[in-house]
Amino acid sequence: MRKPATTCVMAALLAVATPALAATAADWHHGLDWHGEHVAMQAFDDGGYMLHWSYGQRDIPVGPLQVDTASTLFDGLFAMAQNDLHRDRVEAIHDPAFDHGKAIDCHCFETGLKWPYVWTRDLSYATDLALWRFGTERARNGLLFKLSSVRKDSVPQGLYVMQDTGSGGSWPVSTDRVVWFLGARHLLDNKAFADKVYTALRDTLAQDRRYVFDPRMGLYRGETSFLDWRQQSYPAWMADNVVPIAQSFALSTNVLHYQALRLAARMSAKRHDADAADTFRSRASALKQAINRHFWRADRGMYMSYIGGDGAPYDTYDLLGISLAITSGVAEGKRARQTLANYPVWPAGSPVIWPERTDQPIYHNRAVWPFVSMYAMRAARVTNNPARIAHAIRSVMRGAALSGSNMENYSLLTEEVHVTREHKLSGPVVNSPRQLWSVAAYLDLVTRGVFGLGDDGKVKPKLPVSLVPMLFGDKDSITLTLRQRRITLKLPSSYVAGQGDANLLVAGHTTTRGDTTTVTLKPIHVQAPPLRTDAPLHAPSAPPAPRVTAVGNDWQVHVNGKVRLYVNGNADTMVDGVTRFPQRAAYTCFSATRVGAQGLESLHSPQTCVGKVADVGGDWPRQWTASTGGAHRVWLDYVNDHGPISTGVTAAVKMLQVTCSGQPTQHVPLVMPHSVRRQPSTWATFDAPAGATCRFELQDGFNMSYLTHNSHYTGGEGGAEGPLNQADIGDLHVAPWSQQGGAP
């Protein structure tokens, strides 16, 4: 029989037997209470633990790494995270959509109990958080598994990062595959791997520059990173049409491109390629400026989650995008502090999106995700916000304790792993124990969040004073023991909890002897705002599309109720019922939002576009003569029935070559995601002088089915049966275009 550690036997057993009498729950030393649930952590002399909670108990073996604090709960959850990571180590992976579900050899990490495969974004974020330090070889192997050569001879060859199956047939609807480099950047001490990283970095960035970079906006198009269940975070009307998502711009995805460009500049410089380094550095700088120009919403004091393809602001925000903007240095100074401070919290944690959707179940909507909470913790460290640091740490600890594993997500309001009382809105809809990025989040919570161990190996704690009672109790020091290193944090001899106005403990005096680093903490007071707890939970629902008719020389715009009208992406005026807008030569698009509590806007309605449009049909090449000079929009009618809206690898991608008399040839990409009906493709812009005859040729582009890796894809078309980049293409449409909206 295992022997409980004598220092906590009575407290732990008392907590299990009589929760109402468990005084230890209040300080989280041996347990915690939450919404009527009680959790207790019991320590044993052999270094292992037993977690007791409402649904049973979990025996946690001693881990290879140890932490010694006043909180048995904190220490035991660290051991549990290591055990979860051990269970995620596999020699083979499988998924029904690849090789018909047969095992694929991979000395790597699987994504979680319910996700026994390797997914680009999950592994990459997990590697960046902790796996580069605690699972180097397997993390590297998993990342290599997500690189691929090209299996189609007629397109440019290269080494590319995989965009996993996803919305509308994957890339370039979803474009966050560059997150791969966020994880890979930590593993460059292996030369062979570093060489592949550099090749993949240059090839992937070049491909994204060609197909998803919009020089007009200076941004990269595509879906928000990780928030890839479009009904949860995009307008409801995009459920069966992802073209507007492919057309739009996301904060998180652009910040990831910024970080990839910065890495490319550093790696180029190290390889003595000064020209390439200058190019990447210049592009990163320009992208940073574009992000700050287009995503910052001054009336909210926050960076928006995404904006429309025409630049239309969306009154919606996501914690990962904001956190990445801060930790990457895209958001600096006052803006960095303000955007994090203005993002709301609930007692259970910070939601991954805000405001929430009233018509969607719990998943990304109304949910806490531990890995995102840890990126928020990192952002709070950058901005010196002790309340945010502590809130994130407690949220991740509590979720793991209440569920007996590092689950992928939790209900925002209760931190339950599944709410059943909300009928069709219950959730989280999908959840999994030992989810890899959640496991990595807890490891990062301990090493960086509490002990201040940075990527560079330096120890720079920023420990909220509010966590001292839990972590130190009556002790004057706490210790983290890694395989080849020991870190001890000591309270100053004069420190008395609750005295003075200090709210943060930072490094005072640091000594290193052999493999032991000892940091004597120094209490300081930082100016930091309180947590924002007054935000409304929901935004209004989006209104229907405006109806527009021609009346004399005006467009008469009919809307449903009182709305804010947008014209070509620009906020125009508040309208109640009907208004008039002058007709122009340029193509004009109207959308609307509702305004609700505290001025929050709904997501946008569908657009209604009017104006003179030339329909160019027939065989390719096609010709058209410009009646007016300047910028023009161009798009195609199409049907792509090669896969469902939710997944696949066969988004059709073409390059339109435009040759207008007297002008240099222009190349613009057009994307045709999976569709359920005939509909317009994404649009692009080109310039044409008045009277010029323009010749249009449609050239093959690139999609994920062209990658050799997808010869293993058996979940749909474009996989084992060969690459596929086709759509049923109808008319080409051309219209004069001006970005300017509003009354003249």
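Considering the conditions (1) in contact with a Phe, Trp or Tyr (Cβ under 6 Å, 6 or more places away or on another chain); (2) more than 17 Å from residue 616 (Cβ to Cβ), residue 658 is excluded by exactly one of them, (2). Give the residues of the range 72-106 that are within 17 Å of residue 123 (Cα to Cα), among the hydrophobic types (A, V, I, L, M, F, W, C) and under 25 Å from the mean Cα position of the chain (by Cα), sorted by residue number. 81, 85, 93 - these are the residues of the range 72-106 that are within 17 Å of residue 123 (Cα to Cα), among the hydrophobic types (A, V, I, L, M, F, W, C) and under 25 Å from the mean Cα position of the chain (by Cα). Filter the range 2-54 down to the residues that are open to solvent by 70 Å² or more (accessible area, probe 1.4 Å) and either within 16 Å of residue 71 (Cβ to Cβ) or at pLDDT below 55 (or both) and list them by number. Passing the criteria: 6, 7, 10, 13, 14, 17, 20, 21, 23, 26, 33.
Count of the range 527-561 residues, restricted to those that are of a type in the set (A, V, I, L, M, F, W, C) and under 15 Å from residue 583 (Cβ atoms), is 5. Within the range 153-197, the set of residues being over 16 Å from residue 673 (Cβ atoms), surrounded by 17 or more Cβ atoms within 10 Å (Cβ to Cβ) and among the aromatic types (Phe, Trp, Tyr) comprises 160, 180, 181. Taking the listed residues 595, 551, the one that is closer than 30 Å to residue 335 by Cβ and open to solvent by 20 Å² or more (accessible area, probe 1.4 Å) is 595, with no other qualifying.
Within the range 515-542, the set of residues being open to solvent by 30 Å² or more (accessible area, probe 1.4 Å) and part of a strand (DSSP E or B) comprises 516, 518, 520, 522, 523, 524, 538. Looking at the range 104-141 only, could you name the residues that are open to solvent by less than 10 Å² (accessible area, probe 1.4 Å), in contact (Cβ under 8 Å) with a residue 60 or more places away in the chain and of a type in the set (A, V, I, L, M, F, W, C)? Hits for the range 104-141 are 109, 123, 126, 129, 130, 131. All of (1) modelled with pLDDT under 95; (2) surrounded by fewer than 18 Cβ atoms within 10 Å (Cβ to Cβ) hold for residue 86 with one exception: (1).
Screening the range 225-246 for residues that are open to solvent by less than 10 Å² (accessible area, probe 1.4 Å), of a type outside the set (A, V, I, L, M) and part of a helix (DSSP H, G or I) and picking the one that is farthest from residue 287 (Cα to Cα) gives 232. Being touching an Asp or Glu at 6+ places or on another chain (Cβ under 8 Å), under 18 Å from residue 212 (Cβ atoms) and open to solvent by less than 40 Å² (accessible area, probe 1.4 Å) is a property that residue 675 lacks. Please enumerate the residues belonging to the range 184-208 that are β-branched (Val, Ile, Thr) and more than 17 Å from residue 172 (Cα to Cα). 197, 199, listed by residue number. Among the conditions (1) of a type in the set (A, V, I, L, M, F, W, C); (2) under 15 Å from residue 439 (Cα atoms); (3) under 27 Å from the mean Cα position of the chain (by Cα), the only one that residue 147 does not satisfy is (2).
Only one residue in 566, 587, 638 is of a type in the set (Ser, Thr, Tyr), modelled with pLDDT under 95 and open to solvent by less than 40 Å² (accessible area, probe 1.4 Å), so which one is that? Step by step, each of 566, 587, 638 is checked, and only 587 is of a type in the set (Ser, Thr, Tyr), modelled with pLDDT under 95 and open to solvent by less than 40 Å² (accessible area, probe 1.4 Å). Mind checking which residues of the range 687-723 are part of a loop (DSSP other than H, G, I, E, B), open to solvent by 10 Å² or more (accessible area, probe 1.4 Å) and farther than 19 Å from residue 159 by Cα? Within the range 687-723, 689, 690, 691, 714, 715, 716, 717, 720, 721 meet the criteria.
The values are calculated or read from the model by the stated rules, or taken from the named source; none is laboratory data. Model, not experiment: these values are computed from the prediction. Don't worry about glycine lacking a Cβ; one is built from the backbone with ideal geometry, like all the others, and counts go over all protein chains shown. These area figures cover heavy atoms from the full protein model, side chains too; ligands, DNA and RNA do not enter into them. Shrake-Rupley method; radii C 1.70, N 1.55, O 1.52, S 1.80 Å.
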